[in-house]
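The values are calculated or read from the model by the stated rules, or taken from the named source; none is laboratory data. Just so it is clear, the structure is predicted and the values come from calculations on it, not from any experiment. Because the Cβ atoms are built from the backbone with ideal geometry, glycine has one as well, and the counts that use them run over all protein chains shown.
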Amino acid sequence: MIHRNAPLTPTGRLRLARCVVDDGWPLRRAAERFQVSHTTAARWASRYRHHGVAGMSDRSSRPHHSPRRTPALVEEQVLRMRREHHIGPLRLAARTPVAASTAHRILQRHGLPPLTACDRATGDPIRRYERSRPGELVHIDVKKLGRIPDGGGHKALGRAAGRKNKSGTGYAFLHTALDDHSRLAYTEDLPDEKAATCAAFLRRAAAWFTARGVTVERVLTDNAWAYSKDTWRQTCRDLGISPRFTRPWRPQTNGKVERFHRTLLDEWAQQPYTSETERQDAFPDWLDWYNYHRPHTGISGHTPASRITNLSGQHT
């Protein structure tokens with residue numbers, strides 16, 4: 001890569017060198033003609049004499065010898081601690097005789113990704129995937145959410161007063177179907193997560209996606225009891241959908257809908273509402289914002305609706 005302030009490109013260097021070596025120009029005349037110093041002209045002419053055209057490219061600035069580089073035994077200690085304990089540079093620095101910045105460079109030099117890009121349990125790099133078209137795979141999951149008592153919970157009243165207000169408590173079960181390719185989401189607040197409830201939700205979700213030009217081909221769920229029953233499998237057969245299941249104890253496989261539920265909690269559910277009714281009334285507007293207006297970092301800042309053909313034009 002050429003330095004941004006370099007006065008000559010490889011082509012310009014070659015022209016300068018040929019003027020000096022092949023055409024016999026004095027160095028000072030060539031330097032003046034190409035607007036560089038005398039020493040620069042001499043350097044490129046010398047490289048051309050010894051290496052020809054290949055000598056016109058930039059050379060690596062990496063030193064041939066690094067006497068102060070971290071010893072190999074210390075590097076191996078840092079790498080071993082990272083593999084065994086899955087910790088980052090700051091905690092590595094506390095357990096090894098190097099600074100955090102040095103530990104960071106060692107990890108980079110050996111191609112180890114940041115902890116945020118690794119599986120927490122195993123430390124292996126997370127393999128990210130994305131289906132190539134809408135409807136090819138839809139993630140489905142249920143988020144159990146405590147209902148807000150009338151008058152407000154701890155978000156609105158503070159923890160002390162919130163604990164005393166127990167009227168109207170219980171749980172909401174948020175069933176979500178999220179398209180893998182576009183991240184377009186459909187969510188319902190239902191009274192439970194029984195097999196019949198989940199199957200009925202799938203029918204409505206499939207119809208919702210169909211109305212938006214998306215044909216659901218596969219659904220991915222965890223191994224919850226409701227999804228293992230014949231009710232769920234029969235509904236999938238009736239709709240022409242292929243059911244898929246995550247590996248046991250591997251919620252990361254269904255990570256897109258898990259991440260959606262985290263966004264849902266942060267941006268909608270955990271606001272200081274004064275009642276469950278107020279929270280539910282705010283949900284349609286938030287979901288509309290998520291699908292049609294909110295930039296999604298997982299798809300390069302686009303909105304989910306922008307990845308569905310003509311869907312943005314249908315929205316009012």
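Here's the yes/no breakdown for (1) under 24 Å from Gly170 (Cβ atoms); (2) outside the structural domain of Pro191 (by TED's automatic domain parsing); (3) touching a Gly at 6+ places or on another chain (Cβ under 9 Å):
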{"position": "Thr235", "(1), (2), (3)": "no, no, no"}
{"position": "Gln271", "(1), (2), (3)": "yes, no, no"}
{"position": "Ser275", "(1), (2), (3)": "yes, no, yes"}
{"position": "Ala282", "(1), (2), (3)": "yes, no, no"}
{"position": "Asp288", "(1), (2), (3)": "no, no, no"}
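On inspection, Ala103 passes the criterion of being surrounded by 12 or more Cβ atoms within 10 Å (Cβ to Cβ), of a type in the set (A, V, I, L, M, F, W, C), part of a helix (DSSP H, G or I) and under 27 Å from the mean Cα position of the chain (by Cα).
No other residue among Ala185, Ala269 is under 29 Å from the mean Cα position of the chain (by Cα), within 25 Å of Pro295 (Cα to Cα) and at pLDDT 95 or above apart from Ala185. Please determine whether any residue of segment 43-60 is out of contact with any strand residue (DSSP E or B) (no Cβ under 9 Å at 6 or more places or on another chain), loosely packed, with under 12 Cβ neighbours inside 10 Å and closer than 30 Å to Ala100 by Cβ. Yes. Could you look through segment 279-293, keep only residues that are surrounded by 15 or more Cβ atoms within 10 Å (Cβ to Cβ) and not hydrophobic (A, V, I, L, M, F, W, C), and pick out the one that is modelled with the lowest pLDDT? Here the residue is Arg279. In segment 176-279, counting only strands (runs of 3 or more DSSP E) that sit wholly within it, the ones holding 3 or more residues that are touching a residue at least 40 places away in the same chain (Cβ under 8 Å) and either out of contact with any His (no Cβ under 9 Å at 6 or more places or on another chain) or within 18 Å of Arg133 (Cβ to Cβ) (or both) span 218-221.
Among the residues of segment 265-278, is there at least one that is in contact with a Ser or Thr (Cβ under 8 Å, 6 or more places away or on another chain) and not basic (Lys, Arg)?
no
Filtering Arg13, Arg43, Arg49 for residues that are part of a helix (DSSP H, G or I), in contact (Cβ under 8 Å) with a residue 40 or more places away in the chain and of a type in the set (Lys, Arg) leaves a single hit, Arg13. Against the test of being part of a loop (DSSP other than H, G, I, E, B), out of contact with any Pro (no Cβ under 6 Å at 6 or more places or on another chain) and over 30 Å from Ala6 (Cα atoms), the options Val98, Val74 yield a single qualifying residue, Val98.
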